[in-house]
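**Student:** First, the structure itself, so that you have it in front of you.
The values are calculated or read from the model by the stated rules, or taken from the named source; none is laboratory data. Given the structure is predicted, the values throughout are model-derived calculations rather than measurements. Here the Cβ is made from the backbone with ideal geometry for all residues, glycine too, and neighbour counts use every protein chain on show.
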């Protein structure tokens, strides 16, 4: 539906502005997996409270929009094995590869980083493979 | 403004953007990856929209310092190693399995129900397992 693209573009611009604010204001790259992962594996070194403040914003803002009556649904699978396998792979892969859709994708590609572009090519390719493979099985 | 306030604002704007763009809806994400099915281009618009302000922001960093002081991130390395490739492939496989990546997994926490919670806990477990995996890949390719 065309309206989905418009919301996508509007939301995308907001994501880009958020990343620009974090870069120009705090001098840091806005990568969701890096900000969260650094807290989880203890590699955060300083910047701990800054990361926590960022994560509070990420979780709280959609909660407010949801509470204000925005009807949303993640439509996520209810299959526990798939959720566990998917979650572990996302957590492991983003931290081994040092970035996810926001870090490698948004922040990396926008500065023409070779690593960001190569990583994005590989994770989109692997994502296509997973979707096609699971559609054949399920 | 101090760095905590700016981090909170950036996080809130990031969360709102993920929410409004539809990226917390796994059907839209999986629809983008399903290139042989009914392809959904929304994610491309989100990515394109997000790259535009950041392209400008990176140019703006030249010869300047961050508002809170310190320095901007170093220029990106061009080093393509096993960790980058293997990590990106593992991430992509998980992303295509459920349709959530780290940002949307956090942003949808308030309405993602038990599925969202199970995914997040599994994702955190995967993150804990990452440092030994990185060391393993380093020693295997050294």
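**Student:** Select from region A:43-58 the residues that are more than 7 Å from chain B (Cβ to nearest Cβ) and in contact with a helix residue (DSSP H, G or I) (Cβ under 9 Å, 6 or more places away or on another chain) and write down the one among them that is farthest from residue B:9 (Cα to Cα).
**Tutor:** First, the residues of region A:43-58 that are more than 7 Å from chain B (Cβ to nearest Cβ): A:43-48, A:51-52.
Now narrow it down to the ones that are in contact with a helix residue (DSSP H, G or I) (Cβ under 9 Å, 6 or more places away or on another chain): A:43-45, A:47-48, A:51-52.
Working: A:43: 23, A:44: 20, A:45: 22, A:47: 16, A:48: 16, A:51: 12, A:52: 12 Å.
Among those residues, the one meeting the criterion is A:43.
**Student:** Only one of A:65, A:89 is within 7 Å of chain B (Cβ to nearest Cβ) and over 18 Å from residue B:97 (Cα atoms); which?
**Tutor:** It is A:65.
**Student:** Also, I was wondering about something else. Return the residues of region A:4-35 that are facing another protein chain (nearest Cβ under 7 Å), more than 16 Å from residue B:67 (Cα to Cα) and touching a residue at least 12 places away in the same chain (Cβ under 8 Å); say none if nothing qualifies.
**Tutor:** If the condition is that a residue be facing another protein chain (nearest Cβ under 7 Å), more than 16 Å from residue B:67 (Cα to Cα) and touching a residue at least 12 places away in the same chain (Cβ under 8 Å), then A:15, A:16, A:32, A:33 are the ones that fit.
**Student:** Out of the residues in region B:38-60 that are in a loop (DSSP other than H, G, I, E, B) and more than 7 Å from chain A (Cβ to nearest Cβ), which is modelled with the lowest pLDDT?
**Tutor:** Taking region B:38-60 first, the residues in a loop (DSSP other than H, G, I, E, B) are B:38-41.
Next, from what is left, pick out any that are more than 7 Å from chain A (Cβ to nearest Cβ): B:38-40.
Details: B:38: 91, B:39: 94, B:40: 96.
Filtering first and then ranking leaves B:38.
**Student:** Sticking with this one: Considering each of B:8, B:18, B:4 in turn, give the residue that is more than 20 Å from residue A:118 (Cα to Cα) and in contact (Cβ under 8 Å) with a residue 12 or more places away in the chain. Break it down stepwise before answering.
**Tutor:** Working: B:8 fails: in contact (Cβ under 8 Å) with a residue 12 or more places away in the chain; B:4 fails: in contact (Cβ under 8 Å) with a residue 12 or more places away in the chain.
Within the list B:8, B:18, B:4, the selection yields B:18.
**Student:** Just name the residue that is nearest to residue A:93 (Cα to Cα) out of those in region A:25-38 that are in contact with a helix residue (DSSP H, G or I) (Cβ under 7 Å, 6 or more places away or on another chain) and surrounded by fewer than 21 Cβ atoms within 10 Å (Cβ to Cβ). Spell out how you get there, then give the answer.
**Tutor:** Here is the first cut: in region A:25-38, the residues in contact with a helix residue (DSSP H, G or I) (Cβ under 7 Å, 6 or more places away or on another chain) are A:25-26, A:28-38.
Now restrict to residues that are surrounded by fewer than 21 Cβ atoms within 10 Å (Cβ to Cβ): A:25, A:38.
Numbers: A:25: 29, A:38: 14 Å.
In this case the residue turns out to be A:38.
**Student:** In region A:98-127, which residue that is in a loop (DSSP other than H, G, I, E, B) and facing another protein chain (nearest Cβ under 7 Å) is surrounded by the fewest Cβ atoms within 10 Å (Cβ to Cβ)? Steps first, answer last, please.
**Tutor:** Pass one, region A:98-127, residues in a loop (DSSP other than H, G, I, E, B): A:98-100, A:110-113.
Imposing the further condition that a residue be facing another protein chain (nearest Cβ under 7 Å) reduces the set to A:98, A:100, A:110-111, A:113.
Details: A:98: 22, A:100: 31, A:110: 24, A:111: 19, A:113: 21.
By that ranking, first place goes to A:111.
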